[in-house]
Amino acid sequence: MRPALARFGSRLLEAAITLWLLATLCFVLLRAAPGGPFDSEKAAPPEVQAALEAQYRLDQPLPMQYLAWLGDAVRGDLGPSFQYPDYTVNQLIANALPVSMLNGGLALLLALLLGIGLGVWAALRAGRWTDRLLMGLAGLGLAVPKFVVAPLLVLVFAVGLHWLPAGGWGEWDNIVLPVIALALPNIAYCARLTRASLLETLSADYLTAARTRGLSETRLLFAHALKPALLPVAAWLSPALINVVTGSAVVEQVFGIPGMGRYFVQGALNRDYTLVLGVVLAIGALIVAINVAVDALRAWMDPR
């Protein structure tokens, strides 16, 4: 019990240090970038500019601004948004995070279901035309970036066929194209990874011995081969999540979805320091939590 608690405490400490370093680096890079949150083509009167800077602590030295923001963040207060003055960053993230999690979760689930299924299908037909066709399509899916896939989906299914809306949020059909755009590259990678791992597992000595005992190929696949073959897929879940998170910035902009990626892009363009820092912290915490969950899943799946 004590070793487990010690490991858990160590992981919490590592997570806290990681988030602190991430927030610090983001703070420095934001302030080093040219421009400011209240820059405009027509400068405001000096007294108005001074009042705005005092309201948002921008009149203080950078070390004092950093310590003040960090102290508030530790207490769970991410501050007011510069771009959306009627909302705090906490409120914006509370509204946007469920949207991004729904999109990303469905995209990852779709990628796992289709990717594993197609990978198993290709591995069981290795060398045949169906295998070559599936792997060729998977290679194409990896080659086409999301900023090309998303507009193409809009052009085909919204503008051309009129089957689905081109953007917006609130109805069930608004989510179909964004989820497909986020899932397609991950489907391709998961299929290739599953195929390669399953082919290696099926040629293992212990499965050869099981065949000599008369076990059917179906039983060999589901009872002995599939679980160890999916270990690389479990290890891939962490980078897959990062892929979904980074891709959401493009996809949410294209489809006009009020999620974390869209707020991050808009905050960066408008130098909304607190909003960008809050989004980075929220996404960083989510990725750390997912990494811990993936490690636990791999430990459960690995018989060693």
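Label points 7 Å out from Cα along the Cβ direction at Val176 and Val156: separation in nm?
Placing both labels 7 Å along Cα→Cβ, they lie 1.3 nm apart.
So what does the Cα-only Debye profile of region 92-136 read at q = 0.15, 0.24, 0.30, 0.34 Å⁻¹, as log10 I(q)/I(0), no solvent term?
-0.51, -0.77, -0.94, -1.04
Arranged from highest to lowest average of other beta-carbon atoms within 10 Å per residue, in what order do the peptides 114-121, 57-64, 247-254 appear? Before the final figure, lay out each step's value.
Numbers: 114-121: 20.4, 57-64: 12.4, 247-254: 23.9.
Packing order, densest peptide first, comes out as 247-254, 114-121, 57-64.
If we count other beta carbons within 10 Å of each Cβ, what is the order of Phe82, Phe147, fewest first? Before the final figure, lay out the partial values.
Details: Phe82 22, Phe147 14.
Lowest count first: Phe147, Phe82.
Test of understanding: ordering Met260, Met101 by Cβ neighbours within 10 Å, fewest first, what list do you get?
On the way: Met260 29, Met101 14.
So the residues, fewest neighbours to most, are Met101, Met260.
Assuming 0.36 nm per residue, please report the length gained on full extension of the stretch Gln91 to Ala268 beyond their Cα-Cα distance. All intermediate terms of the calculation are to be shown ahead of the outcome.
On the way: separation 177, 0.36 × 177 = 63.72 nm, distance 1.80 nm.
Taking 0.36 nm per residue and subtracting the Cα distance, the gain is 61.9 nm.
To the nearest 0.05, what FRET efficiency results for Gln60 and Ser10 with a Förster distance of 35 Å applied to their C-beta separation? Display every interim value, and only then the final one.
Details: r = 36 Å, r/R0 = 1.02.
Result of the calculation: an efficiency of 0.45.
What whole-number value in cubic angstrom gives the convex hull volume per residue for the C-alpha atoms of region 95-301? Could the numbers behind the result be given before it?
Values: hull volume 27.1 nm³, N = 207.
Enclosed volume per residue, from the Cα hull, is 131 Å³.
What ranking do Asp272, Asp173 get, fewest neighbouring Cβ atoms within 10 angstrom at the top? Walk me through the intermediate numbers first.
Details: Asp272 24, Asp173 10.
Exposure proxy ranking, most exposed first: Asp173, Asp272.
Readers should treat all values here as calculations from the given coordinates under stated rules, not as data from a laboratory. The model shown is predicted, which means the values in this text are computed figures rather than measured ones. As a convention, Cβ positions derive from the backbone with ideal geometry for all residues, glycine included, and neighbour counts pool all protein chains shown.
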